[in-house]
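Student: Got a structure for you, questions after.
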Amino acid sequence: MLFGKSKSQLGVDIGSSNIKIVQLRAKDNKFALETYGSVNVSYQIANKESTSSIKQTASLLQNLIERAGVTTDKVIASLPNNVVFTSVIEIPKIPDNELKNAVEFEAKKYVPLPLSEVALSWSTIEDKKNKTVDLKSTGEMKLKVLLTAVPNMVVENYVRVFRLAGLEALALEIEALSLIRSVVGQDMSNNLLIDIGAKNTSINLVDSGYLRLSKNLNVGGDTVTNSIAQSLSVNFARAEQFKKDFGLAGSSQQIPQIMRPILDIIKNEAEQLINLFESRGGRIDKIVLTGGGSKLPYLKEYLSVLGKNIILANPWANVTYPLELKPVVEPLAMNLAVAIGLAMRRVEV
């Protein structure tokens, strides 16, 4: 597995509120930041077939690339978790040449759409903690497979955007996998990775570096801001400033009280996943927060009731950049986490 011939790759994260790009260069098994950028976007291309949205998104992306001085046309892009079906399935351990048919047969039981209408992909999950394969009481060896299915229309829309922007899409992958690459890396502990975006939040169970389960919630940072705006009868910008200034500090302040019902949705879902995993003999070692919404003041303290060590992600951990850029790029880390992970992906050439 190698990087493209230029050894530079562009990660493109088309989110619900922003397009974010990061260009990295592979060097001595590490990564060097070459450029980055972000632009606001209101055109949704994942959920419907809209020629105008596709053209407008492509134009914004093309302008962003020109302004950022991107030097490669090779793109790795993310697909939002809320349009991708994921599941970990188990099948009997069989020869590689029989795997495709076996996975497709099992996929029909899990994917809510006809297989002819989705792009189906899968990868086997290695047990890195225990190199020996556990035997069931029947003596049958099992193979764990991460299954992903994306509606064909969604894939086609993304490919059209990149083509119109003069880019070549080398691969599309779900956001959760990109985050694991940039945030979890080689950490073999069991993590609950919570990514709080503008409109959605994903809670990802990462076991020994592998995605085991991903849940998408239709709440995010903008949901909190809108709730503050409606409750206090202020505009969105002022509500956003209130959120950043006050956060969740204090138990009787009006703004924290407004935010709590929304954040309880995230907290309760995380608690359910922890309880489910640990009831089956596993143990969550820590909770890792990422995404722009994770910067909410006192959020770590608020989630401490889950009884786990909570840390803020550091997507720049394996990326080098000029020291003078530190004050600029460090505050952007959470927002660029997916794009960083995309640019880190190795692809076959």
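Student: Please give, to one decimal in nm, the separation of the simple spin-label points placed at S42 and L120, each 7 Å out from Cα toward the Cβ.
Tutor: About 4.0 nm, to one decimal.
Student: Taking the Cβ of each residue in V159, V75 as the centre, tally the other Cβ atoms inside 10 Å and list the residues starting with the fewest.
Tutor: Values: V159 16, V75 26.
Fewest-to-most Cβ neighbours within 10 Å comes out as V159, V75.
Student: Continuing with the same structure: Please identify the trypsin sites (Lys or Arg not before Pro) of region 251-298 that satisfy two criteria: DSSP loop assignment and at most 15 other Cβ atoms within 10 Å. Which are they? Mind dumping the intermediate values first?
Tutor: Numbers: sites: K267, R280, R283, K286, K295; in loops: R280, R283.
Passing both the DSSP loop test and the Cβ count: R280, R283.
Student: Let me ask something else. For region 167-179, in order, what is each residue's ³J(HN,Hα) by Karplus, 6.51 cos²θ - 1.76 cosθ + 1.60 with θ = phi - 60°, in whole Hz (x at glycine and Pro)?
Tutor: 10, 10, 7, 6, 6, 10, 9, 6, 4, 4, 5, 5, 5
Student: For the chain, give the share of DSSP beta bridges that are antiparallel, in percent and rounded to the nearest 5; count only bridges with both residues there.
Tutor: Numbers: 48 of 68 bridges.
Counting only bridges with both partners in the chain, antiparallel ones make up about 70 percent.
Student: Shape of region 18-114 from its Cα gyration tensor (a ≥ b ≥ c, root eigenvalues): rounded if a/c is under 1.5, otherwise prolate when a/b > b/c, or oblate? Could you put the intermediate results ahead of the total?
Tutor: Working: a/c = 3.37, a/b = 1.55, b/c = 2.17.
In terms of gyration-tensor shape, oblate.
Student: Let me ask something else. Taking N as the number of residues in region 154-219, what is its Cα Rg relative to 2.2 N^0.38 Å? It would help to have the intermediate numbers written out before the result.
Tutor: Numbers: Rg = 14.3 Å, N = 66, 2.2 N^0.38 = 10.8 Å.
Rg over 2.2 N^0.38 Å, computed on Cα atoms: 1.32.
Student: Find which of I125, V75, S53 sits farthest along the positive direction of the dipole of the chain, computed with +1 on the beta-carbon of Lys and Arg, -1 on that of Asp and Glu, about the Cα centre.
Tutor: Looking along the dipole axis, the top candidate is V75.
Student: Return the inverse of the average 1/r over all pairs of distinct C-alpha atoms in region 281-342, which is the Kirkwood hydrodynamic radius, in Å to one decimal. Before the final figure, lay out each step's value.
Tutor: Working: mean 1/r = 0.0760 Å⁻¹.
Taking the inverse mean of 1/r over all distinct Cα pairs, region 281-342 comes out at 13.2 Å.
Student: Here's something else I'd like to know. 7 Å from Cα along Cα→Cβ at both A102 and V329: what's the point-to-point distance in nm?
Tutor: For the pair A102/V329, the computed spacing is 4.4 nm.
Student: Could you go through region 195-204 in sequence order and give the Karplus-derived ³J(HN,Hα) for each residue, using 6.51 cos²θ - 1.76 cosθ + 1.60 with θ = phi - 60°, rounded to whole Hz, and x for Gly and Pro?
Tutor: 10, 9, x, 6, 10, 9, 10, 10, 10, 10
Student: Alpha carbon centre of region 252-324 versus region 139-207: separation in Å?
Tutor: 19
Student: Going by the alpha-carbon gyration tensor, a ≥ b ≥ c the square roots of its eigenvalues, is region 188-313 rounded (a/c under 1.5) or, if a/c is not under 1.5, prolate (a/b greater than b/c) versus oblate? Please list the in-between numbers first.
Tutor: Working: a/c = 2.38, a/b = 2.06, b/c = 1.16.
Prolate is the answer for region 188-313, as a/c is 1.5 or above and a/b outweighs b/c.
Student: Residue by residue, what Karplus-based ³J(HN,Hα) values in Hz, rounded to whole numbers, does region 157-164 have, using 6.51, -1.76 and 1.60 with θ = phi - 60° and x for Gly and Pro?
Tutor: 4, 5, 4, 5, 4, 5, 4, 5
Student: For Y298, Y36, what's the fewest-to-most ordering of other Cβ within 10 Å of each Cβ? Please report the intermediate quantities before stating the final value.
Tutor: On the way: Y298 14, Y36 24.
Ranking Y298, Y36 by Cβ neighbours within 10 Å, fewest first, gives Y298, Y36.
Student: To the nearest 0.05, what FRET efficiency results for Q257 and N235 with a Förster distance of 22 Å applied to their C-beta separation? Mind showing how you got there, number by number?
Tutor: Values: r = 20 Å, r/R0 = 0.92.
After rounding, the FRET efficiency stands at 0.60.
Student: Using label points projected 7 Å from each Cα along Cα→Cβ, tell me how many nm separate K7 and N268, to one decimal.
Tutor: The two pseudo-label positions are separated by 5.2 nm.
Student: Can you give the longest stretch of the chain with no exposed loop site, where a site means GluC sites (Glu not before Pro) in a DSSP loop (not H, G, I, E or B) with at most 15 other C-beta atoms within 10 Å? Working shown, then result.
Tutor: On the way: sites that count: E49, E126, E140, E348.
My reading of the result: 141-347 is the longest stretch.
Student: Over 25 Å between C-alpha atoms is what I'm after, so list which of K74/K215; K109/K286; K144/K286; K74/K244; K27/K295; K55/K295 land there. Can you show the working numbers first?
Tutor: On the way: K74/K215 30 Å; K109/K286 32 Å; K144/K286 23 Å; K74/K244 36 Å; K27/K295 31 Å; K55/K295 32 Å.
Long pairs (Cα-Cα over 25 Å): K74/K215; K109/K286; K74/K244; K27/K295; K55/K295.
Student: Evaluate the relative contact order of the chain (contact order divided by residue number), counting alpha-carbon pairs under 8 angstrom at least 6 apart; express in whole percent. Could you put the intermediate results ahead of the total?
Tutor: On the way: 649 pairs, mean separation 79.7, N = 349.
That works out to 23 percent.
Student: Per 10 Å bin from zero, what fraction in whole % of the C-alpha pairs of the chain is there, up to the bin with the longest pair?
Tutor: Spelled out bin by bin, the chain gives 5, 23, 32, 27, 11, 2, 0 percent.
Student: Let me know the shape class of region 252-319, please: from the alpha-carbon gyration tensor, a ≥ b ≥ c as square roots of the eigenvalues, rounded when a/c is under 1.5, otherwise prolate if a/b is greater than b/c, or oblate. Walk me through the numbers on the way to the answer.
Tutor: On the way: a/c = 2.41, a/b = 1.16, b/c = 2.08.
Oblate.
Values quoted throughout were computed directly from the atomic coordinates according to the rules given, and no laboratory measurement underlies them. As the structure is a prediction and not an experimental result, all values here were calculated from the model. Counting neighbours? That spans all protein chains shown, and the Cβs are built from the backbone with ideal geometry, glycine included.
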